[in-house]
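J.: This is the structure I want to talk about, given as structure tokens.
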């Protein structure tokens, strides 16, 4: 479920907990809606990750330069786009 962080009436900044996608094997993760790629922020165990650690597969999928492990937490913020 998305948490609305900000809305200006035109665009919305949403936060998602995607911890349930962590399996200890994959580096790729999916979003529930199309994202503005310039707006994506990834928080791994509460620490914001560098844009250098993130690559985009599509408008609804991205990969990390590392493999999160089971028991870790992964949150993302992005503008729906």
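J.: So, residue 5, is that one touching a strand residue (DSSP E or B) at 6+ places or on another chain (Cβ under 7 Å), farther than 20 Å from residue 57 by Cα, modelled with pLDDT under 95 and not in a loop (DSSP other than H, G, I, E, B) or not?
T.: Considered against the rule, which asks whether it is touching a strand residue (DSSP E or B) at 6+ places or on another chain (Cβ under 7 Å), farther than 20 Å from residue 57 by Cα, modelled with pLDDT under 95 and not in a loop (DSSP other than H, G, I, E, B), residue 5 comes out as yes.
J.: Same structure, new question: Given the conditions (1) modelled with pLDDT of 95 or more; (2) part of a loop (DSSP other than H, G, I, E, B), and given that residue 43 satisfies all but one, which numbered condition is not satisfied?
T.: Only one criterion in (1) modelled with pLDDT of 95 or more; (2) part of a loop (DSSP other than H, G, I, E, B) is unmet by residue 43, namely (2).
J.: Let me ask you something else. Being closer than 23 Å to residue 4 by Cβ and either at pLDDT 95 or above or surrounded by 12 or more Cβ atoms within 10 Å (Cβ to Cβ) (or both) narrows it down to one residue among 59, 65; which is it?
T.: Of 59, 65, the one residue that is closer than 23 Å to residue 4 by Cβ and either at pLDDT 95 or above or surrounded by 12 or more Cβ atoms within 10 Å (Cβ to Cβ) (or both) is 59.
So that you can scan it fast, the table gives a plain yes or no per residue for (1) surrounded by 13 or more Cβ atoms within 10 Å (Cβ to Cβ); (2) touching a residue at least 40 places away in the same chain (Cβ under 8 Å); (3) at positive phi:
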| site | (1), (2), (3) |
| --- | --- |
| 3 | no, no, no |
| 9 | no, no, yes |
| 18 | yes, yes, no |
| 25 | no, yes, no |
| 29 | yes, yes, no |
| 32 | no, no, no |
| 36 | yes, yes, no |
| 44 | yes, no, no |
| 47 | no, no, no |
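The values are calculated or read from the model by the stated rules, or taken from the named source; none is laboratory data. All of these numbers come straight from a predicted model, not from anything done at the bench. All Cβ positions, even for glycine, are placed from backbone atoms using ideal geometry, and neighbour counts span all protein chains on display.
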